[in-house]
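Novice: Sharing a structure, written as structure tokens. Questions coming.
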Amino acid sequence: MIQLDAAFYPVKNTPMNGLMMHYPLTLDRILARAQKNFPEQEIVSRLADGSLHRYTYGEFYTRTLKLMQALRRMGVRPGDRVATFAWNSYRHMELYFAVPALGAVLHTLNIRLFPEQLVYIVNHAEDQFIFCDKSLMKPLADLAAQFKTVKQFIVIDDRSPEVGIKLKGMTDYEALIQNESAVENFLQFDENTAASMCYTSGTTGEPKGVLYSHRSIFLHAMGISMSDTLAVSGRDTILPVVPMFHVMSWGIPFAACLTGAKMVYPGSQLIGKPIAELIEHEKVTLAAGVPTIWNVLLQHLKKDKADISSLRAMVVGGSAAPPALIAAYEKEHGVQILHAWGMTETSPLGSVAQLKPYMQNWGADALLKQRAKQGKVVPLVEARIVDDAGKELAWDGKASGELQVRGPWIASSYYNMESQDAGAAFTADGWFGTGDVARIDEHGFIEITDRKKDLIKTRGEWLSSVEMENTAMAFQGVAEAAVVGRPDDVRGEAAVLFLTPLPDKKDTFDMKALHAYLSEKFAHWQVPKLVDMHIIDAIPKTSVGKFDKKVLRARL
Ligand code: AMP
């Protein structure tokens, strides 16, 4: 067992200058806190066969220390990259702590990336070990020969059927730690040491690597636990539907381990029914995921009732939360949607639409409008909007410019990348340019109107594709809608709308009525012509579940 006191508080002959202790913010401290303070709290995981695995933070702690010892024996050294290719589960959480606590870097590979991107990322990060769910071995095995630096694959038996695949140095996760003893002490290192990394799946250029440090993760975990942000606490039961391979599952596993929240990991089953069951049976209080996930759940709940009233909030981010979705959850289930904005480069939490006290008296429409904005920047993050010349713009709800942010959990550069493309995002005066176009209103609420490159310039005026998508998605019978521009001789660019109707409106959807509805809300030159409004089976999505406008443009 680790001697916490000796390891954590080295006694030094310090001069009596009255200053606070030097206490590096490293993740082993969050880990040790769990064992000392809430060893009885539960961590629940759905496995591939549908069964639930349960254990406590106490057991989690012991196993994580054994895993650290096993990793050491395998030859993992400080600075090495150890990758995961896995769904959300307790073993993934063990890796979240064991790898960084050794001073090594956890690289969470996005299982939805296109093969060429995955090969690029593994080779660029120089991953040496990959921990892989058994159910995900096939796609990895197809690419394994192209991984230049990977020495060994470790398989996580998620109770999926045997696949009969052999990978280099293949070892079973449980066999690895079974006879291992726990590490006896934590290494001491600087809080600015890299702990984990993620690549942004850029829609242009090569994917870019972002390195999170112990300090940035620690502060971000505290940041998302503040009551005006996501208010993560020991009284919560949290269901992160957002994958652990996407910006460290929005930092939730770290905040949970810091505060003692019960965790519920959904494994690979992310569609309506299994999610509804988990919320009802485990009495989930806080759930987090992209809008599509909550849209699917909403449709499911219309057919198949479940009690989701334990939820105090659903965090929605990654793409804009459509106002219709926010309103439907509130009206039909009494559940509040907390709209949050962030990026891979921002750890991710940048802003949350938590209302201010004086807004409580506003009318329903005004409140909905405010909650559908991306909200106020969270403490320790600063924001500004700038015009093309870099001049800062007013927070008046009218001026629109690029959103820039800075703070202790915002990236200062991309990993091992010097191209102009990568450098352009970081300004000479120390801000990160998000590439998002936004307004900030007089209440300090950010409203993202578009990605810079997704704006449509029609008749010399900018049209926000997001605004039109949200309006279309509020129209009866529309499940999802995406808007892109096409070249047009007269207008420069013209808007083109793609939509998928709700299942029961597939054959009867009235496009003319939608056109009339959009004509009431937008200038006539902004509204797509009827011939530019298309019904498709599904809106194509990127590997992280956002509308893939590249594919839609290519269709044109
Ligand atoms: P990623 O790094 O893949 O998480 O993508 C980050 C980008 O997703 C941001 O720059 C935004 O364009 C978009 N995004 C994230 N959250 C929101 C949100 N709440 N509303 C609108 N766009 C969002």
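Novice: At R0 = 22 Å, how high is the FRET efficiency between D387 and E206 if r is their beta carbon distance? Nearest 0.05 is fine. Intermediate values should be presented prior to the final figure.
Specialist: Working: r = 29 Å, r/R0 = 1.31.
The computed FRET efficiency comes out at 0.15.
Novice: Same structure, new question: Full-extension gain between N416 and D228, please, as 0.36 nm times their residue separation minus the C-alpha to C-alpha distance.
Specialist: Full extension from N416 to D228 adds 64.1 nm.
Novice: Classify segment 274-403 from the C-alpha gyration tensor, please: rounded if a/c falls under 1.5, else prolate or oblate depending on whether a/b exceeds b/c.
Specialist: Prolate.
Novice: Determine which residues of segment 501-524 fall in the zone a paramagnetic label at V490 would reach in this model, i.e. backbone nitrogen under 13 Å from the point 7 Å along Cα→Cβ.
Specialist: It comes to 524, nothing else.
Novice: Of K457/K546; K148/K541; K398/K546; K148/K453; K66/K151; K283/K373, which sit over 32 Å apart, Cα to Cα? Mind showing how you got there, number by number?
Specialist: On the way: K457/K546 22 Å; K148/K541 29 Å; K398/K546 27 Å; K148/K453 34 Å; K66/K151 21 Å; K283/K373 28 Å.
Where the Cα-Cα span goes over 32 Å, the pairs concerned are K148/K453.
Novice: Now, a different point. Quick check: residue separation of D172 and N185 times 0.36 nm, minus the Cα distance between them. What number comes out in nm? Show your work: numbers first, answer last.
Specialist: On the way: separation 13, 0.36 × 13 = 4.68 nm, distance 2.51 nm.
Stretched fully, the D172-N185 segment lengthens by 2.2 nm.
Novice: Hey, what did the chain get for relative contact order, percent, Cα under 8 Å, at least 6 apart? Write out the running numbers ahead of the final one.
Specialist: Details: 1136 pairs, mean separation 56.9, N = 556.
Reported relative contact order: 10 percent.
Novice: Same structure, new question: For segment 382-455 and segment 480-543, write down the distance between their C-alpha centroids in whole Å.
Specialist: Spelled out, the Cα-based centre of one part sits 29 Å from the other.
Novice: Output the direction-averaged projected area (hull surface divided by four) of the convex hull of the alpha-carbon atoms of segment 380-439, in nm².
Specialist: 4.4 nm²
Novice: Aspartates and glutamates within cross-link reach of K506: Cα-Cα under 16 Å, excluding same-chain residues under 8 positions apart?
Specialist: Cα-Cα hits under 16 Å: E480, D537.
Novice: Same structure, new question: Report the accessible area of D504, computed with a 1.4 Å probe over the heavy atoms of all protein chains in place, in Å² rounded to the nearest 10.
Specialist: 120 Å²
Novice: What is the pair-distance distribution P(r) of the chain, computed from all Cα-Cα distances in 20 Å bins starting at 0, with each bin given as a whole percent?
Specialist: 20, 55, 23, 2
Novice: Here is a follow-up. Which whole-number percentage describes the relative contact order of segment 455-555, with Cα contacts under 8 Å and a sequence gap of 6 or more?
Specialist: On the way: 156 pairs, mean separation 26.1, N = 101.
Once normalised by length, the contact order is 26 percent.
Novice: Beyond 18 Å, what percent of the Cα pairs of segment 455-555 remain? Working shown, then result.
Specialist: On the way: 2144 of 5050 pairs.
Every Cα pair in segment 455-555 considered, those over 18 Å come to 42 percent.
Novice: Next up: Among DSSP bridges having both ends in the chain, what percentage is antiparallel? Round to the nearest 5.
Specialist: Working: 49 of 84 bridges.
Expressed as a percentage, antiparallel bridges in the chain total about 60.
Novice: Using only DSSP helix segments of four residues or longer, with each worth -39500 (n - 2.57), what per-residue ellipticity at 222 nm results for the chain after dividing by its residue count and rounding to 500? Mind dumping the intermediate values first?
Specialist: Details: 18 runs with 166 residues, N = 556.
So the calculated ellipticity at 222 nm is -8500 deg cm²/dmol.
Novice: On the full set of protein chains, 1.4 Å probe, figure out the accessible area of M468 and give it in Å² to the nearest 10.
Specialist: The accessible area of M468 comes to roughly 0 Å².
Novice: Expressed as a whole percentage, what fraction of the accessible surface of segment 12-98 belongs to carbon and sulfur atoms when a 1.4 Å probe is rolled over the protein heavy atoms? Show your work: numbers first, answer last.
Specialist: Details: 2010 of 3840 Å².
Here it works out to 53 percent.
Novice: Sort Y120, Y55 by heavy-atom solvent-accessible area, probe 1.4 angstrom, most to least.
Specialist: The most accessible residue leads, giving Y120, Y55.
Novice: For the pair K457 and R555, what calculated FRET efficiency results from E = 1/(1 + (r/R0)^6), where r is the Cβ-Cβ distance and R0 = 22 Å, to the nearest 0.05?
Specialist: 0.65
Novice: Need the C-alpha centroid separation for segment 251-327 versus segment 170-248, integer Å.
Specialist: 20 Å
Novice: Could you tell me the calculated FRET efficiency between M359 and S309, based on Cβ-Cβ distance and R0 = 25 angstrom, to the nearest 0.05? Walk me through the numbers before you get to the answer.
Specialist: Numbers: r = 24 Å, r/R0 = 0.96.
Rounded to the nearest 0.05, the efficiency is 0.55.
The values are calculated or read from the model by the stated rules, or taken from the named source; none is laboratory data. Quick caveat: nothing in here was measured; it's all calculated off a predicted structure. Every residue, glycine among them, receives a Cβ derived from its backbone with ideal geometry; neighbour counts consider all protein chains shown. Ligands, DNA and RNA are excluded from the accessible area calculation, which covers all protein heavy atoms including side chains. Shrake-Rupley method; radii C 1.70, N 1.55, O 1.52, S 1.80 Å.
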